[in-house]
Each structure stands twice: as C-alpha cells, then as structure tokens.
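S.K.: Pasting a structure here, questions to come.
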Amino acid sequence: MDRDVPARDDERNDGVLLAACRRGDATAWESLVNRYQRLIYAIPRRAGLDDDQCADVFQRTFALLVEHLERIDQPERVRAWLVTTARREAQRMRQKAARTQPFPTADDEEATGAEETALPDTAPLPDAAILQLEEQHLVRTALAQLDERCRQLLTLLFYRATPASYEEITAAVGLPAGSIGPTRARCLQKMGRLLKESGF
C-alpha cells in the first residue's frame, strides 16, 4: 500500500475525542494527534519553513491545544481550531525569521546573487492553500475509514502516479477483472458518504 495512505484511524468523532482528552485519556490524545499531524505539519511546510521550524510550529500548535482544551466551545470544530492556530504560528515563525535574517552586504550579494539573499515572503499562507490542505486531509481520513479491500483498490487506482492495471489490481486485491469497475463504484460511493458526513 502507498505509504502516504494512513493506517485506520480511531473512528470516534472529534467532539468525542476532545471530551476524552479533557478526562486525561492518553489514547484519545494520541488518536487526535495522529488524525491531524499530517495536516498541521503541512501548513508550515507550505509556508516555506524548514524542518526545524515546521517541527516547532507542530509542537507549539498541539501544546496550545493542551492549554486550551477546557476553553474550546465547539469541540467538533477542533480541526478548524488547529488549522487556524498552526497558520498563526507559521506566520509568527516566518516573521521571526525575517526579523533575524542578517542584512546582506554588497560582497554577500556579489558572492551569492541577490535572489539567494532575499528575505522570506512574509505574506500569509493563502486561504486557497489552507482549503486544499484541509480537503486533502478529509480525503485521506475518509480513505482510512474504508474497509481493507476498498482502501487497497482506491489506493491502486488513485494514489499512484500511474494507476495500476486491472492485472495488477487482480493480483493485489484478488478481484476478478470484471468486478473491478462495480467494486470501484461502490467504494467511491462509500467514500463520498464519509466525505459528506465530515463536511467536505
């Protein structure tokens, strides 16, 4: 299976998980972090931050969640809260990097080229990019909730640079070639329902 496809996730919804986190349930906390770690890490990465900065934004975002667990009024909207927080932390990190960037001298510019010494762009991450990250996260989450056969089939068809041939699918999933089309349609219907339930 493609390594970009997550393992099956805790099926409890965000509100239930957050309530369990408030009670000190370590398993619920781990599930919540696992559910959103890729989405939250992707936000500073898309903002152009390096690995250390992305890790700092990730840790800071979830540390703030711990601090605010009791004050989140709408637990079912924890995803939106995390995205907003990660976005603010990424922006703060970019501004901090811009302030501490040494101002290049004329010799530096001659040696490296002016384009390489330009300060990082401090514009906010575009809403369209955030929306795309959220949509990708919802699709991965819905895929993880499907049964094993559907996950394998959709992964082979849609999560590879080149879709698998029917022969490869038959070998990997054990479906007769004539069943692949109808099975794909049923799997996509299931995934569509999951996406609709998640607010996609």
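Coordinate-derived values only; no laboratory data. Please read all numbers here as calculations on a predicted model, not as lab measurements. Please note: Cβ atoms are built from the backbone with ideal geometry, for glycine as well, and neighbour counts cover all protein chains shown.
S.K.: Extending each Cα 7 Å along its Cβ direction at residue 33 and residue 165, get the distance between those two points in nm, one decimal.
M.R.: Calculated label separation equals 4.4 nm.
S.K.: Considering only the other residues whose Cβ falls under 12 Å of the Cβ of residue 169, what net charge follows from Lys and Arg at +1 and Asp and Glu at -1?
M.R.: Values: positive: 149, 160, 184; negative: 167, 168.
Taking every other residue near residue 169 into account, the sum is +1.
S.K.: Within 10 Å of each residue's Cβ, count the other Cβ atoms and sort 73, 51 from fewest upward. Could you put the intermediate results ahead of the total?
M.R.: Details: 73 6, 51 10.
Ranked by crowding around the Cβ, least crowded first: 73, 51.
S.K.: Let me ask something additional. Applying 1/(1 + (r/R0)^6) with R0 = 41 Å to the Cβ-Cβ distance of residue 98 and residue 22, what FRET efficiency is obtained, to the nearest 0.05? Write down the numbers at each step before the final one.
M.R.: Numbers: r = 37 Å, r/R0 = 0.91.
Here the calculated transfer efficiency is 0.65.
S.K.: If you don't mind, another one. Provide the gained length on full extension for the span residue 66 to residue 50, in nm with one decimal, where the gain is 0.36 nm per separating residue minus the Cα-Cα distance.
M.R.: Numbers: separation 16, 0.36 × 16 = 5.76 nm, distance 2.45 nm.
Between residue 66 and residue 50, full extension yields an extra 3.3 nm.
S.K.: Right, here's the next one. Determine the dipole magnitude for the stretch 8-102: charges of +1 sit on the beta-carbon of Lys and Arg, -1 on that of Asp and Glu, nothing else is charged, the reference point is the Cα centre, and the result goes in debye to the nearest 20. Before the final figure, lay out each step's value.
M.R.: Working: 18 positive and 15 negative charges, 93 e Å.
It works out to roughly 440 debye.
S.K.: Quickly work out the residue 172-to-residue 13 label distance, labels modelled 7 Å from Cα along the C-beta direction, and quote it in nm with one decimal.
M.R.: About 3.3 nm separates the two model spin labels.
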